[in-house]
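What follows is calculated from the coordinates using simple rules that are stated; it is not laboratory data. Keep in mind it's a predicted model, so treat the numbers as computed, not measured. Ideal geometry is used to build each Cβ from the backbone, glycine not excepted, and the neighbour counts take in all protein chains shown.
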Amino acid sequence: MATKTDLMRSIKKAMQGEMDSVTIYKSAAGYSSDPEVKEFFLSRMKEEETHYNYLLEYYKMISEDKDISNISTDLVLENLVDTIFSSTFIKRVGEDQVLFSAISAALLLEKDAIDFYSKCEAEAEGITLKSFYGMMVKWETRHHDALVEIQKEAEEYYWQINDFQPF
């Protein structure tokens, strides 16, 4: 059985992960001058800020011994829009090492978040926390899967423009 202290420590760790993602996305958005690339990174930054704010709300309620069963549950997958990445977007990422590195770093952070939230969901007591962490797993999985696709396509473009040939 997780104690209040364990739960709060867990939420703080999750909050740090979300802020790390915010920082990566914000930095990449600030670096790029391409409107589509900038918008992609800014939209991801805003989603991670939303995650952080939900975690902060849980943290405050738990620290104040409030009932979390009535907490807002606006994190729904229906709010996520499937993103279609244009060839221009993929080319901008594939030809720019800083942007490609940002995608790679964000991919690792999303994978860590999936693992962490999955563990929290398995250990959570009460349907509200289990449901919350389950939704976070789904959100981060959507982010992860989109980043994998971007990375794959951008890497292929990188190899093409540098004329790399297999032996």
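Numbers for the structure displayed
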quantity: Euclidean distance of C-alpha centroids, the stretch 136-164 and the stretch 33-47, integer Å; calculated: 15
quantity: Rg(Cα)/(2.2 N^0.38 Å) for the chain, N = residue count; calculated: 1.17
quantity: Label-point separation in nm, Lys46 to Tyr31, each point 7 Å along Cα→Cβ; calculated: 2.2
quantity: Anisotropy class of the stretch 81-124 from Cα gyration tensor, a/c 1.5 cut; calculated: oblate
quantity: Approximate spin-label separation Ser131-Ile68, in nm, with each point projected 7 Å along Cα-to-Cβ; calculated: 1.4
quantity: Gain in span if fully extended, Lys12 to Leu108, counting 0.36 nm per residue against the direct Cα distance; calculated: 32.7 nm
quantity: Burial order of peptide ranges 104-111, 125-132 (average beta-carbon count within 10 Å, highest first); calculated: 104-111, 125-132
quantity: Ranked list, fewest to most other Cβ atoms within 10 Å of each Cβ, for His144, His51; calculated: His144, His51
quantity: Those lysines that a straight Cα-Cα span of less than 25 Å connects to Lys66, excepting residues fewer than 8 apart in one chain; calculated: Lys4, Lys12, Lys13, Lys119, Lys130
quantity: Burial ordering of Val37, Val148, Val98, fewest other beta-carbon atoms within 10 Å first; calculated: Val98, Val148, Val37
quantity: Which of Ser118, Ser101 has the fewest Cβ neighbours within 10 Å, and the rest in rising order; calculated: Ser101, Ser118
